[in-house]
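The values are calculated or read from the model by the stated rules, or taken from the named source; none is laboratory data. It should be emphasised that the depicted structure is a prediction, and the values quoted were computed from it without experimental measurement. Virtual Cβ from ideal backbone geometry, glycine too; neighbours counted across all protein chains shown. Keep in mind that these areas ignore ligands, DNA and RNA; they rest on the heavy atoms of the full protein, side chains included. Shrake-Rupley method; radii C 1.70, N 1.55, O 1.52, S 1.80 Å.
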Amino acid sequence: MFNLPKYGTGGIGLARLALLLDALSIDRTRLQQHSIVITGSNGKGSTAAFCASIGRAFGLRTGLFTSPHLYRFNERFQIDGEPVDDELLEALVLRVATAITDLGHHGVLETFGAFEAQFALACLYFQETGCDLAVFEAGIGGRYDPVRLIGATLTCVTSVDLEHTALLGNSLALIASDKSDACASHGTVIYGENCLPLRAHLAEYNRSRHVSGLHVGDGIVISNVVTSAKAQNFNCRVGETILRGLEITLHGEFQLNNAAIAAALFLLWMRRMHPDAEVTQVDHAIRTGLRETRWPGRLEVIQRDPLTVIDVGHTPDGVMQALRGLHAVHGKDDWLLVLGVSADKNVEEIAQHLVPHFGVIVCTRAHHKGADARLVGGAARKAHPTARIHVANAMEDAVKLSQQLARSVPRKVYVAGGLFVAIEYATVLRGGKAEELQFF
């Protein structure tokens, strides 16, 4: 899509992207007023989905821009829960590509990155369809990410983990600082619970821009959590506002963090944009929106017999959080792990967090960017020398073998280690082909 490299050339792309937004006649003032920006190491997609679902439940025409997609590129651009259709997407791509070409003819010689073009497309799509609320998920960080050009005064940092350290910094404090920069001056950043130890640092970092912080675990309090196989129920206090009996169907304790952030973002946004809205209407929208949120790939049950669960987490903290959620919902016993890790990730570290919890592991390689299955197998043996480890280099073989092993004992199947392995496994299990999925 766009026939552009993943990243642009010529250095940081905020200046060229601003020219592109101008060329597309994007109203930056309206964009700022009607947008909420989601940043973080893990949980961005779920938080963005919660937030958009709440807006839709209130009756707002709501746009949602997320990445990466799982099955189809169109998923990245949604309005009221529906991905953009093929015909309109093609027309929007043409308009953005034409604007980029025209800028080249007028002296902008830098190459745009694909994500920059996609961000511009989302801005154009949401503006022309008259979205009342637009929820944007950052790509990487916040300081240099395209979402910074929104100038949003309501953003969040869902969580921090050591990722993209060459760009964001080699400590959690530096990474949280970078992500905080997506927020414009005189704005508010809502921080997830694992940012709480950085609270003093972030307060000082944000002080000169008059940016305030609100933290899950401090100003936002989650309580009375009840977890079942069907849902998670909890209470949430945001400042003086108390929301009781909230329910989400996304599993994992980390989803409570994400839901609380989304509720707080919407409450603050409504106070700024619709201060006269009835409290009961806002409460109903939050309650309904959280309950109705669906977000595939996160501890998703893709088959009941044998029970097969996938998770797209791909950072150390992400896979650990998901594993805890898996055990809480489906129990700790009788699992088989299908493990695959992207070649650009730390294979041994991911294996160390997952493998010791499983007695049987099928190591495989995703068609897209996957590390060699033998390398994954070696990391698995190092992490758990007594486990029964199988190596299946092709995803089709991994699906067939894991399903056979699960039925013979019986066992449950957990597919984890990265986005591509989880989505390819689900695709093959449903009769599709991994190589026909298109990512960039």
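Overview of values
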quantity	calculated
Count of residues meeting criterion [within 19 Å of residue 264 (Cα to Cα) and open to solvent by 70 Å² or more (accessible area, probe 1.4 Å)] in the range 193-210	2
Residue selected from the range 301-328 under the condition charged (D, E, K, R) and at pLDDT below 95, by the criterion nearest to residue 346 (Cα to Cα)	317
Options 434, 392; residue that is within 20 Å of residue 335 (Cβ to Cβ) and either over 29 Å from the mean Cα position of the chain (by Cα) or among the aliphatic types (A, V, I, L, M) (or both)	392
Which listed residue, of 87, 110, is assigned to a loop (DSSP other than H, G, I, E, B), of a type in the set (Asp, Glu) and open to solvent by 60 Å² or more (accessible area, probe 1.4 Å)	110
Residue match in the range 416-438 (condition: touching a residue at least 60 places away in the same chain (Cβ under 8 Å), in a strand (DSSP E or B) and open to solvent by less than 70 Å² (accessible area, probe 1.4 Å))	yes
Lone qualifier among 221, 225 - being in a strand (DSSP E or B), under 30 Å from residue 328 (Cα atoms) and in contact with a Lys or Arg (Cβ under 8 Å, 6 or more places away or on another chain)	221
From the options 280, 288, residue that is part of a helix (DSSP H, G or I), open to solvent by 20 Å² or more (accessible area, probe 1.4 Å) and among the β-branched types (Val, Ile, Thr)	280
Residues satisfying the stated conditions in the range 1-12, i.e. in contact with a Ser or Thr (Cβ under 9 Å, 6 or more places away or on another chain) and under 23 Å from residue 128 (Cβ atoms)	4
Qualifying positions in the range 134-192 - open to solvent by less than 10 Å² (accessible area, probe 1.4 Å), among the β-branched types (Val, Ile, Thr) and either without any contact (Cβ under 8 Å) to a residue 40 or more places away in the chain or in contact with a His (Cβ under 7 Å, 6 or more places away or on another chain) (or both)	189
Residues (in contact with a strand residue (DSSP E or B) (Cβ under 6 Å, 6 or more places away or on another chain), open to solvent by 10 Å² or more (accessible area, probe 1.4 Å) and closer than 23 Å to residue 141 by Cβ) located in the range 35-62	44
Only one of 134, 99, 120, 152 that is under 20 Å from residue 30 (Cβ atoms) and part of a strand (DSSP E or B)	134
Residue that is nearest to the chain's Cα centre (by Cα) [pool: residues in the range 103-160 that are of a type in the set (Phe, Trp, Tyr) and closer than 16 Å to residue 33 by Cβ]	136
Unmet criterion (only one of (1) closer than 20 Å to residue 290 by Cα; (2) buried (at least 17 other Cβ atoms within 10 Å of the Cβ); (3) of a type in the set (A, V, I, L, M)) for residue 231	(2)
Failed criterion for residue 412 (all others in (1) open to solvent by less than 50 Å² (accessible area, probe 1.4 Å); (2) out of contact with any Asp or Glu (no Cβ under 8 Å at 6 or more places or on another chain); (3) modelled with pLDDT of 95 or more hold)	(2)
Some residue of the range 336-355 being under 19 Å from the mean Cα position of the chain (by Cα) and open to solvent by 20 Å² or more (accessible area, probe 1.4 Å)	yes
Residues satisfying the stated conditions in the range 248-275, i.e. farther than 25 Å from residue 183 by Cα and either open to solvent by less than 30 Å² (accessible area, probe 1.4 Å) or outside any helix (DSSP H, G or I) (or both)	248, 249, 250, 251, 252
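Matching residues to (1) of a type in the set (A, V, I, L, M); (2) under 30 Å from residue 322 (Cβ atoms):
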position	(1), (2)
254	no, yes
259	yes, yes
262	yes, yes
269	no, yes
273	yes, no
280	no, no
291	no, yes
